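Colleague: Next up is a structure, given as structure tokens.
No value in this document is a laboratory result; all are computed from the given coordinates. All of these numbers come straight from a predicted model, not from anything done at the bench. Positions of Cβ are generated from backbone atoms using ideal geometry, with glycine treated the same way; all protein chains shown enter the neighbour counts.
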Amino acid sequence: MANPPVLPAHHVNGPASAGKRRVVVTGLGAISPLGADASTTWQGLLEGRCGVRPLAGEEFEEIPVRVVAPSAVEPAERLTHGQARTLNRCSQFAVLAAREAWADAGFDPAQTRGGMLDARRVGVSIGTIIGGAPVLVAADHTLQARGARHVSPHTAPMVVPNGAAAQVAIDLGARAEARTVVAACASGTEAIGQAIDRIRDGHADVILAGGTEAVITPTVLASFTAMRALSRAESPENASRPFDKDRDGFVLGEGAGVLVLEAEEHALARGARIYCEAAGWGISADAHHMVTPRPDGEGIVDAITKALTDAGAAPGDVAHVNAHATATPQGDAAEVLALTKVFGPAVGTVPVTAPKGALGHMQGAAGGVEAVATVLTLHHGLIPPTVGHRSPDDDNPLDIVTGAPRALPDRDVALSNSFGFGGHNAVLAFRRTT
């Protein structure tokens, strides 16, 4: 193995984290509409493939939405029979993505259980919005149709929102903590941000952090349809269109994305491969409306500014933005305005990509999978194109990458944005190490 990269000695993570431990990314895992793992998902993004598919199933016949972005694989088929029966779909995604990330980081579950790695210094931080709620809906249907004796004893433990984080901790023997973050569509991103702080502050040496979601259900689709939040496009290729002037809503997706975050000195001591530095993060609240963002983008500006400050960086250091861009008219417009305010006249020199054109909106998993993509963008020096974007609004000054991958500019920081219902804004700042 080549010598691991050494981060610049002069770097600090900003005033709030001066003197604290630096955090690096050493492992990646993902299950998405584009693939069963992180590498296949990444290749799909580079190739500009679309993971949106026609909506199938008689239970969806009355719902006037025709497309979704389902996982490329059935998670239950990759688990034991017992795990498939006792883990809800959301937890299944999380466990599989975490296993991949753990192995990618060079670890083995036996290391935590066998004492080769101090399990009390290994944690979990997973974001999700709904978690096992679909299990509760199904159990209620069973109760009404067949009676109480037919409700599974697994229902309660499969419903609790902390189930995904708990199951990852159980599966990999992580005993430091198993945190659950619920912050709407910013959940996965905030879970990663909180994990950065926990490692910096010395509460853990290694944390598996990310997001997971499995909400392609009739109830959720019906609700989002009633809100007019979903695209009504008939064909998959015309459905999810981030920053496009003809965008008409998002496409519901599912899956999971997990990063292994590690204290730099811990990673260097074991000769780990380092993808990049998890340099900082920022969070804010719009305090505006439950389902629409502040139209002036100021909440987003606050989160980006905090992330840059936390990373000890300035707007001029940013080489790339992985945008939230769900393809809703109001949401995309607010993000464009916020990026314009942050970067000023230089906004057109910062390449932007919007993965939801290819992945759909994976809800609580979006921040995890898109963080994986941002890390790989820095690692490989390539920015994936934005699927579904054909023509921007007349007043959109962003440099949106389309058509083919583009080389990353010679700057070191990349941002990954996530924003959610209730005005939750979270932004991650990663810095390349080579």
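Colleague: So how do Thr112, Thr180 line up by other beta-carbon neighbours within 10 Å, fewest first?
Modeller: Numbers: Thr112 22, Thr180 19.
Least to most surrounded, the residues fall as Thr180, Thr112.
Colleague: Running Debye on the range 313-430 with equal point scatterers at the Cα sites and no solvent, what base-10 log of I(q)/I(0) appears at q = 0.10, 0.11, 0.12, 0.14 Å⁻¹?
Modeller: Each listed q maps to, in turn, -0.25, -0.31, -0.37, -0.51.
Colleague: Restricting the calculation to Cα positions, tell me the Rg (one decimal) and the Dmax (whole number) of the range 144-259 in Å.
Modeller: 18.5, 53
Colleague: Shape call for the range 127-168 from the C-alpha gyration tensor, a ≥ b ≥ c root eigenvalues: rounded (a/c under 1.5), prolate (a/b greater than b/c) or oblate?
Modeller: Oblate shape, in that a/c is at least 1.5 and b/c is the bigger or equal ratio.
Colleague: Project the alpha carbons of the range 278-347 onto their principal axes and report the range along each, largest first, in whole Å.
Modeller: Projected onto the principal axes, the Cα atoms of the range 278-347 cover 32, 23, 18 Å.
Colleague: If each residue's Cβ is checked for other Cβ atoms within 10 Å, how do His324, His154, His141 rank with the fewest at the top?
Modeller: Taking fewest neighbouring Cβ atoms as first place, the list is His141, His154, His324.
Colleague: So if the hydrodynamic radius of the range 36-142 is defined as the Kirkwood radius over C-alpha pairs, what does Stokes-Einstein give as its diffusion coefficient at 4 °C and 1.567 mPa s, in µm² per second?
Modeller: The calculation lands on 76 µm²/s.
Colleague: Report, largest value first, the span of the C-alpha coordinates of the range 114-211 along each principal axis, in whole Å.
Modeller: Rounded to whole Å, the extents work out to 51, 34, 12 Å.
Colleague: Next question. Have a look at the range 180-236 and give its Rg and Dmax from the Cα atoms, expressed in angstrom.
Modeller: 16.6, 51
Colleague: Sticking with this one: Go ahead and estimate [θ] at 222 nm for the chain from helices alone: -39,500 (n - 2.57) per DSSP H run with n ≥ 4, summed, over the residue count, rounded to 500.
Modeller: Calculated at 222 nm, the ellipticity per residue is -9500 deg cm²/dmol.
Colleague: Let me ask another. Springs between alpha-carbon pairs under 10 angstrom, Gaussian network model over the chain: which of Asp201, Asp286, Asp310 fluctuates most?
Modeller: Asp201
Colleague: When DSSP beta bridges are limited to those with both residues in the chain, what percentage is antiparallel, rounded to the nearest 5?
Modeller: In the chain, approximately 65 percent of DSSP beta bridges are antiparallel ones.
Colleague: After finding the eigenvalues of the alpha carbon gyration tensor for the range 24-431, what semi-axes result from the square roots of 5 times each, listed largest first in whole Å?
Modeller: 30, 28, 18
Colleague: Connecting C-alpha atoms closer than 10 Å in a GNM of the chain, tell me which of Phe250, Phe93, Phe107 has the biggest fluctuation.
Modeller: The residue with the greatest mean-square fluctuation here is Phe107.
Colleague: Given springs between every Cα pair under 10 Å in a Gaussian network model of the chain, which of Ser240, Ser71, Ser391 has the largest fluctuation?
Modeller: The residue with the greatest mean-square fluctuation here is Ser391.
Colleague: Mind checking which lysines have their C-alpha under 19 Å from Lys356, skipping anything on the same chain fewer than 8 residues away?
Modeller: Lys245
Colleague: Take the alpha-carbon centre of the range 191-235, take the same for the range 301-370, and report the distance between them in whole Å.
Modeller: Going from one Cα centre to the other spans 16 Å.
Colleague: On a straight-distance basis, which lysines could pair with Lys20 in a cross-link, Cα separation under 19 angstrom, same-chain partners fewer than 8 positions away excluded?
Modeller: Filter leaves Lys306.
Colleague: In Å, the Kirkwood hydrodynamic radius of the range 250-377 over pairs of distinct alpha carbons?
Modeller: About 16.0 Å, per the Kirkwood formula over Cα pairs.
Colleague: Among Ile126, Ile383, Ile31, rank each residue by its count of other Cβ atoms within 10 Å, from fewest to most, as a rough exposure measure.
Modeller: With the fewest neighbours first, Ile126, Ile383, Ile31 line up as Ile383, Ile31, Ile126.
Colleague: Once you have a ≥ b ≥ c as the square roots of the Cα gyration tensor eigenvalues for the range 350-418, tell me rounded if a/c is under 1.5, and otherwise prolate or oblate according to whether a/b is larger than b/c. Don't skip to the answer; put the middle values down first.
Modeller: Numbers: a/c = 1.65, a/b = 1.06, b/c = 1.56.
Since a/c reaches 1.5 but b/c is at least a/b, the shape of the range 350-418 is classed as oblate.
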